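Chemist: Take a look at this one; I'll ask things after.
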Amino acid sequence: MERASSSSDVEEDRENLIDSNHRHSQSKSPKNSTFQIDDFADPIRPTRRLTSFNKWYLLAIFLPIFISILYFTTDIKTVFQTSVSDVKFDTSVSRIREAELQSLFLLRQQQLGLLKMWNQTLASGSNSSNINPQFEDLRSAVLNQISLNKEIQKVLLSSHDFEGYSTDSADNDNNNITDPTLLPGLSNLDRCRHVDQTETLSKRKTIEWKPNSNKYLFAICVSGQMSNHLICLEKNMFFAALLNRILVIPSSKVDYQFNRVLDIDHINNCLGTKAVVTFEEFAEQKKNHLHIDRFICYVSIPKLCFVDDEHVKKLKSLGISMNKMEAAWVEDVKKPVKRTMQDVLTKFSSNDDVIAIGDVFFADLEREMVSQPGGPLAHKCKTLIEPSRLIILTAQRFIQTFLGQRFISLHFRRHGFLKFCNAKTPSCFFPIPQAADCIKRVIERADVPVIFLSTDAAESETGLLQSLVVIDGKIVPLVKRPALNAAEKWNALLYRHGLQDDPQVEAMLDKTICALSSVFLGAPGSTFTDDILRLRKDWGSASICDESLCQGEQPNFIAEDE
């Protein structure tokens with residue numbers, strides 16, 4: 001409707017212009033020609049007729065004489081050629097300038113329509129917390145057309161000297177609003193801008209963690225690798241807060257060396273109280289009486305507390321004794337039941353000094369609260385569980401050395417993922433050429449010069465992937481973190497503190513780099529990816545372009561089952 005209205009306005013303006021010109025030309029033309037008979041037939045003005053006749057008589061006598069003199073003294077051919085040429089040139093210039101003015105008018109109408117469309121996209125974007133990438137492409141296209149429209153107007157106006165009109169004047173109608181530097185959302189990064197969490201944070205629901213000084217929850221995490229254990233620890237913290245207990249971090253003799261990748265002091269400082277202790281601190285407090293007074297199992301299937309006999313032996317080797325395990329309810333790790341805070345208080349409240357509830361990685365407890373930016377616990381930091389300060393600084397130095405401010409990070413999980421993904425419907429394991437096409441689409445949307453690649457893929461796969469990631473004839477570099485080398489400066493902190501050659505430190509370093517990127521592409525179904533997304537959400541670095549690799553697609557070829 002807007003375009004139809006604009007077109008109608010243009011046609012009306014053209015008709016008015018033609019009518020005005022026609023009337024103007026008529027007003028300048030004499031009503032009667034000199035040779036009209038009416039002048040000679042007028043009976044009441046004989047003197048005027050005689051005078052007119054005498055004038056024509058004299059003109060008839062002197063005109064041939066004048067032409068003869070002019071013929072012999074001037075190159076008549078040259079004179080008339082020049083005159084005709086000038087007339088033609090003036091007519092051509094006039095038409096060009098008229099066309100330019102009409103073009104300017106049409107461009108201004110187009111500009112107004114584009115600005116209206118842009119304002120509508122801004123309104124739609126502000127009302128949606130999860131904007132589709134295709135919608136962002138549309139917004140970018142509209143914005144590019146607004147900028148192009150302004151440039152065309154500048155070119156056309158450059159040949160016209162309008163008094164009081166300047167393309168750079170802030171007072172010109174709508175001129176400053178079409179300035180690309182002033183329009184919101186013009187920068188390339190804004191196409192993949194950070195997720196606005198203002199409203200989410202304002203509605204955040206949390207609970208206070210106020211632990212009793214002599215009550216402990218002994219954390220046990222056994223499923224999966226480091227990322228799974230970090231998720232398990234985060235959920236254990238929620239349980240400990242609900243039960244007003246201090247959380248005991250597992251010993252490195254039965255679990256990972258969490259003190260090498262996490263900053264325990266950071267957690268307590270954020271909470272403003274001593275809510276988390278290491279196993280060594282717990283052992284010091286309990287002296288020689290390391291006993292789990294009550295073992296209330298959150299998980300009952302496939303095994304109580306999801307703890308196998310091997311792990312129980314490791315606990316006992318630390319001098320820890322325990323009472324018999326008991327199930328709080330029927331809970332299958334493959335079919336988790338949604339639980340509430342009141343459920344936990346009802347089943348796990350106890351007066352015993354030390355309790356354990358086993359592995360809670362699969363627990364579905366207050367999912368909306370847990371998934372909030374910053375988690376379900378009240379604290380003064382962005383997030384409680386984050387990489388140690390040394391790892392964060394090393395990640396920042398790596399980015400400054402190799403990547404710069406704008407880069408995409410890609411978690412490209414391959415080892416063991418072929419079988420894992422093909423067991424799912426649909427599969428999440430993509431052929432390299434298809435993966436490359438998906439990556440290129442995100443590169444074009446985000447407009448970044450480089451990609452950080454966190455992967456366990458073989459060189460044969462990453463080499464092929466690199467050769468296919470080409471934009472406008474240029475290869476976009478896939479940068480992998482090199483093996484730690486004492487001669488390099490970006491990783492000097494790790495060597496200085498003896499953290500080199502630790503696979504978990506290196507994994508956490510990759511995770512931190514990914515969490516700091518402009519855009520993140522993850523591996524669907526990977527807890528490594530899930531933990532990166534948690535950090536990005538908590539740190540405020542999440543982008544509206546973050547997604548799983550080839551999200552919404554299926555592999556174009558899937559191998560048969562064994």
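The values are calculated or read from the model by the stated rules, or taken from the named source; none is laboratory data. If you're wondering where the values come from, they're calculated on a predicted model, not measured in any experiment. A quick note on method: Cβ atoms are made from the backbone with ideal geometry, for glycine too, and the neighbour counts reach across all protein chains shown. With ligands, DNA and RNA removed, areas are computed over all heavy atoms of the protein, side chains included. Shrake-Rupley method; radii C 1.70, N 1.55, O 1.52, S 1.80 Å.
Chemist: Restrict the check to the stretch 125-144 and report whether at least one residue is open to solvent by 50 Å² or more (accessible area, probe 1.4 Å), part of a helix (DSSP H, G or I), modelled with pLDDT under 70 and over 21 Å from residue 443 (Cβ atoms).
Modeler: Yes, because at least one residue in the stretch 125-144 is open to solvent by 50 Å² or more (accessible area, probe 1.4 Å), part of a helix (DSSP H, G or I), modelled with pLDDT under 70 and over 21 Å from residue 443 (Cβ atoms).
Chemist: May I ask you to verify whether residue 406 is in a loop (DSSP other than H, G, I, E, B) and open to solvent by 60 Å² or more (accessible area, probe 1.4 Å)?
Modeler: Working: in a loop (DSSP other than H, G, I, E, B): yes; open to solvent by 60 Å² or more (accessible area, probe 1.4 Å): yes.
Criteria met by residue 406.
Condition check ((1) among the acidic types (Asp, Glu); (2) within 22 Å of residue 275 (Cβ to Cβ); (3) open to solvent by less than 70 Å² (accessible area, probe 1.4 Å); (4) at pLDDT below 85) across all residues:
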| site | (1), (2), (3), (4) |
| --- | --- |
| 171 | yes, no, no, yes |
| 179 | yes, no, yes, yes |
| 191 | no, no, yes, yes |
| 224 | no, no, yes, no |
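Chemist: How many of the residues making up the stretch 334-345 are outside any loop (DSSP other than H, G, I, E, B) and in contact with a strand residue (DSSP E or B) (Cβ under 9 Å, 6 or more places away or on another chain)? Let's see the steps before the verdict.
Modeler: From the stretch 334-345, those outside any loop (DSSP other than H, G, I, E, B) are 335, 338-339, 341-345; that's our starting set.
Imposing the further condition that a residue be in contact with a strand residue (DSSP E or B) (Cβ under 9 Å, 6 or more places away or on another chain) reduces the set to 335, 338-339, 341, 343-344.
Residues meeting the conditions: 6.
Chemist: Based on this model, can you work out whether residue 394 counts as assigned to a loop (DSSP other than H, G, I, E, B) and open to solvent by less than 10 Å² (accessible area, probe 1.4 Å)?
Modeler: Values: assigned to a loop (DSSP other than H, G, I, E, B): no; open to solvent by less than 10 Å² (accessible area, probe 1.4 Å): yes.
When the stated conditions are applied, residue 394 does not pass them.
Chemist: Show the residue pairs that are 6+ apart or on different chains and have beta-carbon atoms under 9 Å apart, the first residue being within the stretch 406-418 and closer than 19 Å to residue 516 by Cβ, the second being among the basic types (Lys, Arg) and modelled with pLDDT of 95 or more.
Modeler: 411/511
Chemist: Check 270, 305 and return the single one that is outside any loop (DSSP other than H, G, I, E, B) and farther than 19 Å from residue 217 by Cα.
Modeler: On the way: 305 fails: farther than 19 Å from residue 217 by Cα.
270 is the lone residue from the list that is outside any loop (DSSP other than H, G, I, E, B) and farther than 19 Å from residue 217 by Cα.
Chemist: Quick check: is even one residue across the stretch 205-217 of a type in the set (Gly, Ala, Ser), outside any loop (DSSP other than H, G, I, E, B) and open to solvent by 10 Å² or more (accessible area, probe 1.4 Å)?
Modeler: Initial filter on the stretch 205-217 (of a type in the set (Gly, Ala, Ser)): 213.
Restricting the remaining residues to those that are outside any loop (DSSP other than H, G, I, E, B) gives none.
Within the stretch 205-217, none of the residues are of a type in the set (Gly, Ala, Ser), outside any loop (DSSP other than H, G, I, E, B) and open to solvent by 10 Å² or more (accessible area, probe 1.4 Å).
Chemist: Select from the stretch 409-420 the residues that are within 19 Å of residue 462 (Cβ to Cβ) and surrounded by fewer than 21 Cβ atoms within 10 Å (Cβ to Cβ) and list them in ascending order. Please lay out each step first, then the result.
Modeler: Of the residues in the stretch 409-420, the ones within 19 Å of residue 462 (Cβ to Cβ) are 409-418.
Within the stretch 409-420, 414, 415, 416, 417, 418 qualify.
Chemist: Which residue out of 511, 480 is under 25 Å from the mean Cα position of the chain (by Cα) and open to solvent by 50 Å² or more (accessible area, probe 1.4 Å)?
Modeler: Numbers: 511 fails: open to solvent by 50 Å² or more (accessible area, probe 1.4 Å).
Just a single option satisfies the conditions, and that option is 480.
Chemist: Quick check on the stretch 363-374: of everything there that is at pLDDT 95 or above and assigned to a loop (DSSP other than H, G, I, E, B), which residue is least open to solvent (accessible area, probe 1.4 Å)?
Modeler: My answer is 363.
Chemist: Which of the residues that make up the stretch 519-556 are open to solvent by 10 Å² or more (accessible area, probe 1.4 Å), among the hydrophobic types (A, V, I, L, M, F, W, C) and farther than 23 Å from residue 369 by Cβ?
Modeler: 528, 544, 549, listed by residue number.
Chemist: Now, a different point. Quick check on the stretch 240-256: of everything there that is polar (S, T, N, Q) and open to solvent by 20 Å² or more (accessible area, probe 1.4 Å), which residue is nearest to residue 229 (Cα to Cα)?
Modeler: To start, the set of residues in the stretch 240-256 that are polar (S, T, N, Q) comprises 244, 251-252.
If we keep only those that are open to solvent by 20 Å² or more (accessible area, probe 1.4 Å) too, we end up with 244, 252.
Numbers: 244: 22, 252: 12 Å.
Of everything passing the filter in the stretch 240-256, 252 is nearest to residue 229 (Cα to Cα).
Chemist: Let me ask something additional. Given the conditions (1) assigned to a strand (DSSP E or B); (2) among the hydrophobic types (A, V, I, L, M, F, W, C); (3) open to solvent by 60 Å² or more (accessible area, probe 1.4 Å), report the number of the one that residue 330 does not fulfil.
Modeler: Residue 330 satisfies all of (1) assigned to a strand (DSSP E or B); (2) among the hydrophobic types (A, V, I, L, M, F, W, C); (3) open to solvent by 60 Å² or more (accessible area, probe 1.4 Å) except (1).
Chemist: What single numbered condition from (1) among the polar types (S, T, N, Q); (2) in contact with a helix residue (DSSP H, G or I) (Cβ under 6 Å, 6 or more places away or on another chain); (3) farther than 18 Å from residue 403 by Cβ fails to hold for residue 512?
Modeler: (3)
Chemist: Next question, about the same structure. Determine whether the stretch 346-355 contains at least one residue that is open to solvent by less than 20 Å² (accessible area, probe 1.4 Å), in contact (Cβ under 8 Å) with a residue 24 or more places away in the chain and either assigned to a loop (DSSP other than H, G, I, E, B) or among the polar types (S, T, N, Q) (or both). First the steps, then the outcome.
Modeler: Of the residues in the stretch 346-355, the ones open to solvent by less than 20 Å² (accessible area, probe 1.4 Å) are 348, 354-355.
Checking which are in contact (Cβ under 8 Å) with a residue 24 or more places away in the chain leaves us with 348, 354-355.
Then drop every residue that is not either assigned to a loop (DSSP other than H, G, I, E, B) or among the polar types (S, T, N, Q) (or both), which leaves none.
No, the stretch 346-355 contains no residue that is open to solvent by less than 20 Å² (accessible area, probe 1.4 Å), in contact (Cβ under 8 Å) with a residue 24 or more places away in the chain and either assigned to a loop (DSSP other than H, G, I, E, B) or among the polar types (S, T, N, Q) (or both).
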